1. Output the number of the condition that R62 fails; it satisfies all remaining conditions of (1) open to solvent by 10 Å² or more (accessible area, probe 1.4 Å); (2) over 28 Å from F229 (Cβ atoms).
2. Please go through the stretch 95-122 and pick out each residue that is more than 11 Å from ligand 2 (Cβ to nearest atom) and open to solvent by 20 Å² or more (accessible area, probe 1.4 Å).
3. Under 7 Å by Cβ, and 6 or more places apart or on different chains, what pairs join a residue from the stretch 12-38 that is within 23 Å of E130 (Cβ to Cβ) with one that is of a type in the set (S, T, N, Q) and open to solvent by less than 20 Å² (accessible area, probe 1.4 Å)?
4. Identify the residue in the stretch 1-28 that is within 14 Å of S83 (Cβ to Cβ) and in a loop (DSSP other than H, G, I, E, B) and, among all such residues, is modelled with the lowest pLDDT.
5. Just the residues that are more than 26 Å from G209 (Cβ to Cβ) and not aliphatic (A, V, I, L, M), please, taken from the stretch 270-288.
Amino acid sequence: MKQRITQLKRRKAVDTLRSKGYVILENMISPDLLSNVSQELDQWFAKTPRCQGDFYGEDTTRYGSLLTKAPSSQDLALHPDISYIADEILGPNCDWYQLNLGQAVRIHPGAPQQPPHRDEEMWPCPKSCEYLINVMWAIDDFTLENGATRIWPRSHFASLNRDMDEAEAIVAEMPKGSALIFLGSVTHCGGANRYFEHRTGIIFSYSLGWLKQYENQFLAYPPKVAATFPPELQALIGYKVHRPNLGGYENNCPSVLLQETLPETLPAVDCLPPEIEQQLAALRSQAA
Ligand SMILES: O=C(O)CCC(=O)C(=O)O
Ligand SMILES: [Fe+2]
């Protein structure tokens, strides 16, 4: 897929994301792609039961495994402008960032507002850098009435408060085909739907490559399934060692599982970043 915004706009988006905690980019996908994704999603919405629990909300429907249930959404997961932004925000604190979650979200008419939260809450520790960025793709127009996401700008500079003043939230209104990007540390929630039609969006979120993923990508896309994906998508979901030596299979890059035949045994193979490789080489030559 082609880059849709200029380098200057990309830079501005990163700056806004850092300062306000969110940014909206309109017209990020073609009408054809949007219509394909929307049709693929609809057949699964028709058969997926409503959510349970106060976080997801009982008047919403959600499902995962998007990369296979709605294959056209692979283009959204790999969108080059989003990759640029994810690299800027997450890149400095990991070897590579990963897909954390793919989820279709439909808010039905009458749904109340979701509780304010932060998407980084599942990693329960003090954080000195961003762990996650979230992208909400508008599959329908997002409006004040139909439950557009609510965001508390600059909330990432304060600690979490679930009793936020609604008057201070922005309503992420955007035409379908737009992307709302926000930090895992920013307080937000799905809005109440007071309209007579549902509001549909897709969440693709990205996290530091060394974290446990919200959606277990290896269960959603086991090797036989992942083998059918393009290589950059295989790597994005985690079929790639996070250097040094994290997340392997039989002490090898897990991409060995994507080959047609797998030997019964494998030698353990180091996968180290250049600086560790150099340090170890220097030690070896000292010892020689
Ligand atoms: O549906 C929305 O607008 C937001 C959903 C959300 O924030 C979540 O489920 O974590
Ligand atoms: Fe959220």
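The values are calculated or read from the model by the stated rules, or taken from the named source; none is laboratory data. Just so it is clear, the model here is predicted, and its values are computed rather than measured. Don't worry about glycine lacking a Cβ; one is built from the backbone with ideal geometry, like all the others, and counts go over all protein chains shown. Quick note on the areas: whole protein, heavy atoms, side chains included, nothing else; ligands and nucleic acids left out. Shrake-Rupley method; radii C 1.70, N 1.55, O 1.52, S 1.80 Å.
1. All conditions are met except number (2).
2. Passing the criteria: D95, W96, Y97, R106, H108, P109, G110, P112, Q113.
3. Close Cβ pairs satisfying both conditions: G21/S155; I24/S178; L25/S178; M28/S178.
4. Among those residues, the one meeting the criterion is K2.
5. Those that are more than 26 Å from G209 (Cβ to Cβ) and not aliphatic (A, V, I, L, M): R284, S285, Q286.
A quick yes/no check of all residues on (1) within 10 Å of ligand 1 (Cβ to nearest atom); (2) part of a strand (DSSP E or B); (3) at pLDDT 95 or above; (4) under 12 Å from S207 (Cα atoms):
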| site | (1), (2), (3), (4) |
| --- | --- |
| D95 | no, no, yes, yes |
| Q98 | no, yes, yes, yes |
| L101 | yes, yes, yes, yes |
| P109 | no, no, yes, no |
| Q113 | yes, no, yes, no |
| W123 | no, no, yes, yes |
| C129 | no, no, yes, yes |
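This table checks each residue for (1) open to solvent by less than 50 Å² (accessible area, probe 1.4 Å); (2) touching a Ser or Thr at 6+ places or on another chain (Cβ under 7 Å); (3) among the charged types (D, E, K, R); (4) at positive phi.
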| residue | (1), (2), (3), (4) |
| --- | --- |
| A226 | yes, no, no, no |
| F229 | yes, no, no, no |
| P244 | no, no, no, no |
| E250 | no, no, yes, yes |
| C253 | yes, no, no, no |
| L280 | no, no, no, no |
| L283 | no, no, no, no |
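For every residue, the table says whether it meets (1) aromatic (F, W, Y); (2) surrounded by 18 or more Cβ atoms within 10 Å (Cβ to Cβ).
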{"site": "L33", "(1), (2)": "no, no"}
{"site": "Q39", "(1), (2)": "no, no"}
{"site": "W44", "(1), (2)": "yes, no"}
{"site": "P49", "(1), (2)": "no, no"}
{"site": "Y56", "(1), (2)": "yes, no"}
{"site": "H79", "(1), (2)": "no, yes"}
{"site": "I85", "(1), (2)": "no, yes"}
